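Here is the structure we will look at.
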Amino acid sequence: MNTELLTLAQAVERLLAADKILLLCHKNPDGDTVGSAAALLHALRAQGKTVGLACSDPIPPRYDHMQVTAFDGEFEPEYIVAIDVASLQLFGAGTVDWAQKSDLCIDHHGSHSRYSDALVLDDKAAACAEIIYELLLEMGAEITPLIADCLYTGIATDTGCFKFANVTPATHRIAAALMEHGCAYTKLNAHLFESKSRSQLAVERQLLKNMEFYYKGRCALTWLTLEDIEATGAKPVDLESTTGIARAIEGVKIGVTMRQQPSGSWKISVRAAEGVNASSVATAFGGGGHKGAAGCEVFGGLENAKQALLAEVARHLPSEDEPEGGEAD
Ligand SMILES: [Mn+2]
């Protein structure tokens, strides 16, 4: 597809020219896709637009503070905008038909596959919410405390509460501006990062139990089978928030978390330390993402999938001390 790259000003012009706008989030929605879309929704509604937000999965209750409800077909969209979605595969069955007709994408993934007519892309932005903030300034929108909360949620969740390597001075400047606009950062940080559900805890316990170490402890790999997931009673959001566990262990450069899908395949999340590229591991299996965090899907039984992943991990560990085979240590 011949996707036209737009400046923020051009994107604003097109958004303001439309009346019935549908915003699309990716499946397994995270704080950034929901926060970015919610902020834009509230700002466009303040301009008198009819706006809906659609996602193929329910919006998790932990994002209730952003005050969005899912689109139920109450209007015929004239202009469709996908937000924080790198490729068509990430939409899910409930939204992919709309996604194929996307007029505009606003995204920060370097791996963005250009499936829409037009695109605003900034792969230096730590979160899509940073781009939305700039877009709203360009629009002359009022950043209300609610919009500030939505954008802060997007930025804080995509940066692990300002801890990941994707954070830039611009990230902090925007966060500072959001504080000035009245975002409830203390409350949001406690809500998003400190409180943990019992099922999330059960997931973490199982991940730690399954954890294996390879390549002199520079790779940690763990998994959840369908049985494990069922036994913990975990919801998708409980699973999403635990993908950093393997990488957080001292000495680990690449952390791999495998989750068995109902189809039997494995959903893989790769997390990498500074100087190591998680995205190049994931792209070897047809996935993608960022340097620090990426994802893909791998087929086969647990052992085969593990060996395939470990062989790829070995290729991307730093070369100064070579990995030595695939044995656990
Ligand atoms: Mn994002």
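No lab work stands behind these numbers, since they all come straight from the coordinates. In this text the structure is predicted, and so the values were computed from the model without any measurement. Positions of Cβ are generated from backbone atoms using ideal geometry, with glycine treated the same way; all protein chains shown enter the neighbour counts.
Considering only residues that are more than 23 Å from VAL68 (Cβ to Cβ) and in contact with a Gly (Cβ under 6 Å, 6 or more places away or on another chain), which ones fall in region 120-165?
Within region 120-165, ASP123, PHE164, ALA165 qualify.
Applying the selection to region 279-293, what residues are touching a Gly at 6+ places or on another chain (Cβ under 6 Å) and at negative phi?
SER279, ALA282, GLY287
Within region 298-319, work out how many residues are in contact with a helix residue (DSSP H, G or I) (Cβ under 9 Å, 6 or more places away or on another chain) and outside any loop (DSSP other than H, G, I, E, B).
Residues that pass the stated criteria total 6.
Just one of LYS267, LYS235 is of a type in the set (Lys, Arg) and touching a Pro at 6+ places or on another chain (Cβ under 9 Å); which is it?
Answer to the selection: LYS235.
In the list GLY217, GLY233, GLY244, which residue meets the criterion of being away from the ligand (no atom under 16 Å from the Cβ), surrounded by fewer than 21 Cβ atoms within 10 Å (Cβ to Cβ), closer than 30 Å to GLY300 by Cα and in contact (Cβ under 8 Å) with a residue 60 or more places away in the chain?
One residue alone meets the criteria, GLY217.
Residues that are within 12 Å of the ligand (Cβ to nearest atom) and either within 18 Å of the chain's Cα centre (by Cα) or hydroxyl-bearing (Ser, Thr, Tyr) (or both): list the helices (runs of 4 or more DSSP H) wholly contained in region 71-179 that include at least 3 such residues.
Hits in region 71-179: 128-139, 145-158.
Select from region 28-43 the residues that are within 11 Å of the ligand (Cβ to nearest atom) and not in a helix (DSSP H, G or I) and write down the one among them that is nearest to SER241 (Cα to Cα).
Here the answer is ASP30.
Look through LEU201, LEU192 and report the one residue that is under 18 Å from the mean Cα position of the chain (by Cα), among the aliphatic types (A, V, I, L, M) and part of a helix (DSSP H, G or I).
Only one candidate qualifies: LEU192.
Within region 9-20, restricting attention to residues that are under 14 Å from LEU136 (Cβ atoms) and buried (at least 18 other Cβ atoms within 10 Å of the Cβ), which residue is nearest to the ligand (Cβ to nearest atom)?
In this case the residue turns out to be ALA11.
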